[in-house]
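The values are calculated or read from the model by the stated rules, or taken from the named source; none is laboratory data. Everything numeric in this text was worked out from a predicted model, so none of it was measured. Cβ placement follows ideal geometry from the backbone for every residue including glycine, while neighbour counts extend to all protein chains displayed. Each accessible area value is taken on the protein alone, full model and side chains, heavy atoms only, with ligands, DNA and RNA left out. Shrake-Rupley method; radii C 1.70, N 1.55, O 1.52, S 1.80 Å.
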Amino acid sequence: MRKIHTNQAPAAIGPYSQGMALGNLVFSSGQIPVNPQTGEVVGTTIEEQAEQSCLNVGAVLRAGGSSLEKVIKTTCFLADMADFPAFNSVYEKHFVSSPARSCVAVKALPKGVLCEIEAIAYTDEP
């Protein structure tokens, strides 16, 4: 196993890593819409926050030797399922391989954000 770390995604805010790689698989921790340079939440709308969350997932995957195009499975968490259509409009621009996905509404997310995304991807670089 190898820990993934990049300055292009927010630092972990707890006892976990941004991601892990094992063999040809890369696992990203859940990424919320935080600007990695400032540590501040980006945007107030689901579209703005979904965009930043997708960028953060992409950064972790790249640091692990993969990419958004190689995602196999995602798990998405929404603070409000009413945001589902707007979230999807942003999500589909980034996850072009149409990976398997679970999307659930949760009571609350860290820092009061509207969404969080985690991913499993493959890499050609074991």
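Go through (1) modelled with pLDDT of 95 or more; (2) in contact with a Gly (Cβ under 9 Å, 6 or more places away or on another chain) one by one and return the number of the condition A11 breaks.
(1)
Give the residues of region 46-61 that are farther than 12 Å from A119 by Cβ and either among the charged types (D, E, K, R) or in contact (Cβ under 8 Å) with a residue 60 or more places away in the chain (or both), sorted by residue number.
I46, E47, E48, Q49, A50, E51, listed by residue number.
Failed condition for S67, given (1) loosely packed, with under 15 Cβ neighbours inside 10 Å; (2) polar (S, T, N, Q); (3) closer than 17 Å to T6 by Cβ, with all others met?
Evaluating S67 over (1) loosely packed, with under 15 Cβ neighbours inside 10 Å; (2) polar (S, T, N, Q); (3) closer than 17 Å to T6 by Cβ leaves (1) as the failure.
Among the residues of region 12-34 satisfying the criterion of being small (G, A, S) and part of a loop (DSSP other than H, G, I, E, B), which is surrounded by the most Cβ atoms within 10 Å (Cβ to Cβ)?
Here the answer is S29.
Say we look at region 76-119 and pick out the residues that are β-branched (V, I, T) and in contact (Cβ under 8 Å) with a residue 40 or more places away in the chain; which of these is surrounded by the most Cβ atoms within 10 Å (Cβ to Cβ)?
Selected residue: I117.
It is to be established whether one or more residues within region 47-59 are of a type in the set (D, E), open to solvent by 70 Å² or more (accessible area, probe 1.4 Å) and over 21 Å from A21 (Cα atoms).
Yes: region 47-59 contains one or more residues that are of a type in the set (D, E), open to solvent by 70 Å² or more (accessible area, probe 1.4 Å) and over 21 Å from A21 (Cα atoms).
Touching a Cys at 6+ places or on another chain (Cβ under 9 Å) and at pLDDT 95 or above, is that true of P85?
So P85 fails the test.
Being under 13 Å from the mean Cα position of the chain (by Cα) and closer than 13 Å to I120 by Cα is the filter here; which residues of region 21-53 pass it?
V26, F27, S28, S29, G30, Q31
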